[in-house]
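This is the structure I want to talk about, given as structure tokens.
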């Protein structure tokens, strides 16, 4: 099964940061990149997915977010 990604990117005016799923659905707007990344990582952690941060200069940074060992232990 391919991994899903949650994307963090600036809006068109660079006023805030948007968190989107792979399908392009917006999950929220946040005032700072750090806040948006934190929210995206929390969502991704529930699903053991990736977070892709799209920087204003065109670069991207991909992070694989793994669930904690306690969550994996209790999941059966």
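Confirm whether residue 46 is in a helix (DSSP H, G or I) and either out of contact with any strand residue (DSSP E or B) (no Cβ under 9 Å at 6 or more places or on another chain) or modelled with pLDDT of 95 or more (or both). Steps first, answer last, please.
Details: in a helix (DSSP H, G or I): yes; either out of contact with any strand residue (DSSP E or B) (no Cβ under 9 Å at 6 or more places or on another chain) or modelled with pLDDT of 95 or more (or both): yes.
Answer is yes for this residue.
Still on this structure, please answer the following. Go through the stretch 5-40 and report how many residues are out of contact with any strand residue (DSSP E or B) (no Cβ under 8 Å at 6 or more places or on another chain) and either in a strand (DSSP E or B) or within 16 Å of residue 56 (Cα to Cα) (or both). First the steps, then the outcome.
At the first step, the residues of the stretch 5-40 found to be out of contact with any strand residue (DSSP E or B) (no Cβ under 8 Å at 6 or more places or on another chain) are 12-15, 23-25, 34, 38.
Subset that is either in a strand (DSSP E or B) or within 16 Å of residue 56 (Cα to Cα) (or both): 12-15, 34.
Selection size over the stretch 5-40: 5.
What pairs can you find where one residue is in the stretch 1-23 and on the phi > 0 side of the Ramachandran plot, the other is in a loop (DSSP other than H, G, I, E, B), and their Cβ atoms are less than 9 Å apart, with a gap of 6+ or different chains?
Close Cβ pairs (under 9 Å, with a partner that is in a loop (DSSP other than H, G, I, E, B)) amount to 14/56.
The values are calculated or read from the model by the stated rules, or taken from the named source; none is laboratory data. Because the structure is predicted, anything quoted here is derived from the model rather than measured. Every residue, glycine as well, gets a Cβ built from its backbone with ideal geometry; the counts of neighbours run over all protein chains shown.
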